[in-house]
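Worksheet: one structure, shown below.
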Amino acid sequence: SAVISQKPSRDICQRGTSLTIQCQVDSQVTMMFWYRQQPGQSLTLIATANQGSEATYESGFVIDKFPISRPNLTFSTLTVSNLSPEDSSIYLCSVEPRRHTEAFFGQGTRLTVV
Amino acid sequence: QKEVEQNSGPLSVPEGAIASLNCTYSDRGSQSFFWYRQYSGKSPELIMSIYSNGDKEDGRFTAQLNKASQYVSLLIRDSQPSDSATYLCAVNQGNTGKLIFGQGTTLQVKP
């Protein structure tokens, strides 16, 4: 398994501002994943972050809105930009320590935009 | 057509009973399948993974996979009130590492 530290655990932000979420893993991993869970919904993949290359975004998600950094094999950040109330969700980072096997999640960041 | 489908429930079972959760998927190329448990306000917790056809047992949990029929199920024996949670079925999309989640089934175990 992997120990994933995600912060902040929650935040309340004003519309139009940005929030940066950090994800730290206790071991080196090739891929890190960022998911969104809207209220009452399941998880939707935002993007895949590979170290040393641009993140790969899923349909409906764009880099300008969700810029991602992956400076090394144990750390990634997701920024949610130009916040609107519709961005109120839980954001989760995930890692797959062994390729194509189990994925583990951080504690999540509960974002409320007011 | 949704890629991973689950009944949203709620599924209500009495304490001590067997809870049966089902999931179907559309991508025939998928090779990895997972069940996560999510308590309200918490992040998903992996409880079972299965990669081959048949059954896989771990304590009170049994995962069943049938690739020909494209379904995966989770049985929880001797259900406890602490098992009350949302159970998410996840499928590895084409072995890319990306997980596609079902909508989740809410399980309620009544004392």
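Quickly run through region B:81-104 and pick out the residues that are open to solvent by 10 Å² or more (accessible area, probe 1.4 Å), under 13 Å from the mean Cα position of the chain (by Cα) and either more than 14 Å from B:S8 (Cβ to Cβ) or of a type outside the set (A, V, I, L, M, F, W, C) (or both). Passing the criteria: B:T86, B:I100, B:Q103. Contact map, region B:48-74: first residue closer than 21 Å to A:R99 by Cα, second residue assigned to a loop (DSSP other than H, G, I, E, B) and small (G, A, S), Cβ cut-off under 9 Å, separation 6 or more or different chains; pairs are B:S49/B:S32; B:I50/B:S32; B:Y51/B:S32; B:N53/B:A68; B:L65/B:S52; B:K67/B:S30; B:K67/B:S52.
Scanning region B:75-103 for residues that are touching a residue at least 24 places away in the same chain (Cβ under 8 Å), within 14 Å of chain A (Cβ to nearest Cβ) and over 13 Å from B:I47 (Cβ atoms) yields B:V91, B:N92, B:Q93, B:G94, B:N95, B:L99, B:I100, B:F101, B:G102, B:Q103.
When the strands (runs of 3 or more DSSP E) confined to region A:9-114 are screened for residues that are among the hydroxyl-bearing types (S, T, Y) and buried (at least 20 other Cβ atoms within 10 Å of the Cβ), those reaching at least 2 such residues are found at A:89-95. For the structure I just gave you, tell me whether A:Q41 is farther than 19 Å from A:P97 by Cβ, modelled with pLDDT of 95 or more and out of contact with any strand residue (DSSP E or B) (no Cβ under 7 Å at 6 or more places or on another chain). For A:Q41, the condition - farther than 19 Å from A:P97 by Cβ, modelled with pLDDT of 95 or more and out of contact with any strand residue (DSSP E or B) (no Cβ under 7 Å at 6 or more places or on another chain) - is not met.
The values are calculated or read from the model by the stated rules, or taken from the named source; none is laboratory data. Given the structure is predicted, the values throughout are model-derived calculations rather than measurements. Positions of Cβ are backbone-derived with ideal geometry, glycine not excepted, and every protein chain shown enters the neighbour counts. Note: accessible area is taken over every heavy atom of the protein model, side chains too, but ligands, DNA and RNA are not part of it. Shrake-Rupley method; radii C 1.70, N 1.55, O 1.52, S 1.80 Å.
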